[in-house]
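Only one structure is covered here, and it is reproduced in the block below.
The values are calculated or read from the model by the stated rules, or taken from the named source; none is laboratory data. Being a predicted model, the structure only gives us computed values, none of them experimental. Here Cβ is always computed from backbone atoms with ideal geometry, including for glycine, and neighbour counts include all displayed protein chains.
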Amino acid sequence: MVNFLYLLVSIWYELVPSDILNVVTIVTFGVQHRNSDGFVKGEAFWMTVFSTVISTITNLTLIWDLVVTPNFAEAGMSAYF
């Protein structure tokens, strides 16, 4: 049980804050620049949006796997290793 809590806390404190920061930053920028000022949002903005979406999905999948997998700490590795 201690390993499960350690993994959950480490995921929560290391991965989730970066996603929250990215989402807040993107939403803030999007709201401030929602009116057309003649400029088009550049490639860097859209790359940040898509990387945030993928990172959030990945972190949610990791948390889901940690919660669903019974005895996660001793589950072992794949047969390919």
- region 51-69: number of residues that are loosely packed, with under 10 Cβ neighbours inside 10 Å and of a type in the set (F, W, Y): 0
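Given I54, I63, which one is at pLDDT 85 or above and part of a helix (DSSP H, G or I)?
Details: I63 fails: at pLDDT 85 or above.
Just a single option satisfies the conditions, and that option is I54.
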- Message: Which pairs turn up if I take residues in region 26-50 that are at negative phi and look for partners that are of a type in the set (F, W, Y) and part of a loop (DSSP other than H, G, I, E, B) with beta carbon separation below 9 Å, at least 6 apart in sequence or on another chain?
- Response: H33/F39
- Message: Exactly one of these conditions fails for Y13: (1) closer than 19 Å to V68 by Cα; (2) at pLDDT below 85. Give me its number.
- Response: (1)
